[in-house]
Amino acid sequence: MVGRAYPRAVLEFVTDSDKKLPLRQNPAAGVHINLIQSSIVLLTVTTKLRKPWLANKRVQEILHNTWAESTAWLVGDYLLMPDHFHCFCAPRNLEITIEKWISYWKREFTLNHKRLAGTLAPPEWKFQSRGWHHRLRNGENYSEKWLYVQENPIRKKLCKGIEDWPFKGKVFDLIWTGK
């Protein structure tokens, strides 16, 4: 990787025969927004220390409502696992980065819980500081990724079929345009 500087705090190295290849520990900041076609992102956010508190109806309702109100980015399909979730999202306001939007809805999630329950969220209800995101390249990619995401509870032996997992939904319809 001559000519590129990688911060040591962000990377570790793996050996591939005699070459050292960088391996990311955090996602690259920002999302490349393509103005010619849809910019839909698969986002994964984990709970702090992977504590298993996400897969319950109360959390799902609060997250769904928070995303419905946090519209700088629009959430399409989502699925909650006990210690992480996956959602598809797309920018609505190009001035707001995905990182700022993630921070915003995390704060709003906490405030919404307090408003609804009249108390602070349980102390274990915390997210890790960042999320992982991957911009989809085409519309077929969305369908493939969504099927893969829906199979997560089956792979973890939490249910037998896709239709059996109750902790999934859709906030907005994300329409693919372009290639």
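Some values worked out for this structure:
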read-out	value
Any hit, the range 64-78, residues being buried (at least 19 other Cβ atoms within 10 Å of the Cβ) and either touching a Leu at 6+ places or on another chain (Cβ under 6 Å) or of a type in the set (D, E) (or both)	yes
Filter pass, K19 being out of contact with any Ser or Thr (no Cβ under 9 Å at 6 or more places or on another chain) and either among the basic types (K, R) or at pLDDT below 90 (or both)	yes
The range 138-179, residues that are at pLDDT below 95, of a type in the set (D, E, K, R) and touching a helix residue (DSSP H, G or I) at 6+ places or on another chain (Cβ under 9 Å)	K179
Single residue of the range 107-134 satisfying the filter (buried (at least 17 other Cβ atoms within 10 Å of the Cβ) and touching a strand residue (DSSP E or B) at 6+ places or on another chain (Cβ under 9 Å)) that is nearest to L63 (Cα to Cα)	F109
Output for the range 112-164, where each listed residue is assigned to a helix (DSSP H, G or I) and of a type in the set (V, I, T)	V149, I154, I162
Any chance W132 is under 18 Å from R50 (Cα atoms) and hydrophobic (A, V, I, L, M, F, W, C)	yes
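Per-residue answers, yes or no, for (1) modelled with pLDDT under 95; (2) closer than 28 Å to K157 by Cα:
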residue: D77; (1), (2): no, yes
residue: I96; (1), (2): yes, no
residue: W101; (1), (2): yes, no
residue: L111; (1), (2): yes, no
residue: T119; (1), (2): yes, no
residue: Q128; (1), (2): yes, yes
residue: L136; (1), (2): yes, yes
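The values are calculated or read from the model by the stated rules, or taken from the named source; none is laboratory data. None of these values were measured; they are calculated from a predicted model. Methodologically, a virtual Cβ is constructed for each residue, glycine included, from the backbone with ideal geometry; neighbour enumeration extends over all protein chains shown.
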